[in-house]
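First up is the structure itself, then whatever we jot down about it.
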Amino acid sequence: MKIAFLGLGIMGRPMAARLVAAGHEVTVWNRTPSRADLPGARTAATPAQAAAGAEVVWVCVSDTAASERVFLAEDGVLAAAAPGLLAADSSTISPQASRRIAARLAERGATLLDCPVTGSKQGAESGKLVFIAGGPKEAVARLQPLFQVMGQRVFHIGGNGMGLAAKLAMNLNIALIYQGFCEGLVLAEKSGVSAGQMLEIIGATMLRSGVIEYKAPFIRARDYSPNFPLKLMLKDIRLMLEHARSLQTELPALQTVAGIYEQAVRQGLGEQDYAATLGLMERQSGLAEA
Ligand code: NAP
């Protein structure tokens, strides 16, 4: 297929690279030109240039403002959208904003699927992402060959915005599971139990979780280089709270966790992985970081 891939960050780059390796004709665009090259792909100067003549536009950028820029700016996808164009947005953004973008594209005869992902950097590199899609069923079907290259499974939840609604609920779980792990670990460490011992117990009992399994090697090494940058988890937490407010729903535990992430960003940890909140909790409780 002729594909435009927009956004070559931690997730977008390996996703686009898998499409190239599968033999698709890929044109890439990235906001920062010095990171806009991908072996085997053409580079475009604007999202509109990348989208011109493409059958599919795939987007993976950081937040709602970035997605709106890529689709709706003067040199955005909308400017080049021809009837029949299929766009897939794997960015985690506001469901309401995604519906607005879908409506603008529909005016041009183009279709948008929100298809946020889970699986993080390792899932993107190994083609094991899970996509959570919202939008027309036929669009999901048309994209099957591409989902298969980048992922292991696609869940089609419902209409536009529904993939994002499910994704936000999932990331809420991740933020709370990880915060629960951090607090349990800090209490254990304060009592003299080591992080290694706790990780072993967690792995052998009903406390086992995919989140902690993924993070365990990084925690053992205290390696907080970004797989999922802390500032992006905070962006998601804000989206969850905003979405909950729009549904008159209280999320009291998440509200507390939001404060911890806000503090972590103020302390300059935003570019690190969200696992770095462990270091923050350890320092606050007077533990020397292992
Ligand atoms: P990232 O490494 O920070 O990459 C962000 C990408 O967005 C970069 O290409 C960046 O371009 C671009 N961008 C930022 N602001 C922009 C703007 N205003 N206009 C145009 N492009 C802009 O982030 P990532 O980890 O790949 O995450 C991408 C999306 O996937 C996010 O929505 C994130 O929440 C979601 N996600 C991430 C993970 C994960 O584990 N990392 C997992 C699931 C979902 P520059 O190169 O110019 O900065």
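The values are calculated or read from the model by the stated rules, or taken from the named source; none is laboratory data. Predicted model only: the values in this text are computed from it and were never measured. Don't worry about glycine lacking a Cβ; one is built from the backbone with ideal geometry, like all the others, and counts go over all protein chains shown. SASA here: full protein model, heavy atoms, side chains in, ligands and nucleic acids out. Shrake-Rupley method; radii C 1.70, N 1.55, O 1.52, S 1.80 Å.
Identify, from the list 124, 103, the residue that is away from the ligand (no atom under 16 Å from the Cβ), assigned to a helix (DSSP H, G or I) and out of contact with any Asp or Glu (no Cβ under 8 Å at 6 or more places or on another chain).
Answer to the selection: 103.
Please tell me if residue 133 is in contact with a His (Cβ under 8 Å, 6 or more places away or on another chain) and farther than 21 Å from residue 50 by Cα.
In short, yes.
From the residues in segment 159-168 that are open to solvent by 10 Å² or more (accessible area, probe 1.4 Å) and touching a residue at least 60 places away in the same chain (Cβ under 8 Å), which one is farthest from the chain's Cα centre (by Cα)?
160
Cβ contacts < 6 Å: first residue among the charged types (D, E, K, R), restricted to segment 29-52; second residue in a loop (DSSP other than H, G, I, E, B) and loosely packed, with under 15 Cβ neighbours inside 10 Å, any location; separation 6+ or different chain. Result?
Filtered contacts from segment 29-52: no entries.
Output the residues belonging to segment 119-139 that are in contact with a helix residue (DSSP H, G or I) (Cβ under 8 Å, 6 or more places away or on another chain) and on the phi < 0 side of the Ramachandran plot.
121, 122, 124, 125, 128, 129, 130, 131, 132, 133, 134
Here's the yes/no breakdown for (1) closer than 22 Å to residue 22 by Cα; (2) crowded, with 16+ Cβ neighbours inside 10 Å; (3) not aromatic (Phe, Trp, Tyr):
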residue: 123; (1), (2), (3): yes, yes, yes
residue: 127; (1), (2), (3): yes, yes, yes
residue: 137; (1), (2), (3): no, no, yes
residue: 151; (1), (2), (3): yes, yes, yes
residue: 157; (1), (2), (3): no, yes, yes
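Take segment 1-55 and flag every residue that is open to solvent by 40 Å² or more (accessible area, probe 1.4 Å), part of a helix (DSSP H, G or I), within 22 Å of residue 73 (Cα to Cα) and within 13 Å of the ligand (Cβ to nearest atom).
33, 34, 35
Could you pull out the residue among 133, 141 that is open to solvent by less than 10 Å² (accessible area, probe 1.4 Å), aliphatic (A, V, I, L, M) and either out of contact with any Ser or Thr (no Cβ under 9 Å at 6 or more places or on another chain) or in a helix (DSSP H, G or I) (or both)?
133
Among residues belonging to segment 236-262 that are surrounded by 13 or more Cβ atoms within 10 Å (Cβ to Cβ) and over 20 Å from residue 182 (Cα atoms), point out the one that is nearest to the ligand (Cβ to nearest atom).
Only one residue tops the list, namely 239.
Quick check on my filter: what residues within segment 106-121 are open to solvent by less than 30 Å² (accessible area, probe 1.4 Å) and either more than 16 Å from the ligand (Cβ to nearest atom) or in contact with a Phe, Trp or Tyr (Cβ under 6 Å, 6 or more places away or on another chain) (or both)?
Scanning segment 106-121 gives 110, 115, 117, 120.
Do you know which residues across segment 56-66 are surrounded by 24 or more Cβ atoms within 10 Å (Cβ to Cβ) and either within 8 Å of the ligand (Cβ to nearest atom) or assigned to a helix (DSSP H, G or I) (or both)?
Answer for segment 56-66, where residues must be surrounded by 24 or more Cβ atoms within 10 Å (Cβ to Cβ) and either within 8 Å of the ligand (Cβ to nearest atom) or assigned to a helix (DSSP H, G or I) (or both): 60, 61.
So, in segment 67-85, of the ones that are part of a loop (DSSP other than H, G, I, E, B) and more than 9 Å from the ligand (Cβ to nearest atom), which residue ends up farthest from residue 146 (Cα to Cα)? Walk me through how you get there before you give the answer.
Residues of segment 67-85 part of a loop (DSSP other than H, G, I, E, B): 73-76, 81-85.
Now narrow it down to the ones that are more than 9 Å from the ligand (Cβ to nearest atom): 74-76, 81-85.
On the way: 74: 28, 75: 25, 76: 22, 81: 20, 82: 20, 83: 20, 84: 17, 85: 15 Å.
It comes out as 74.
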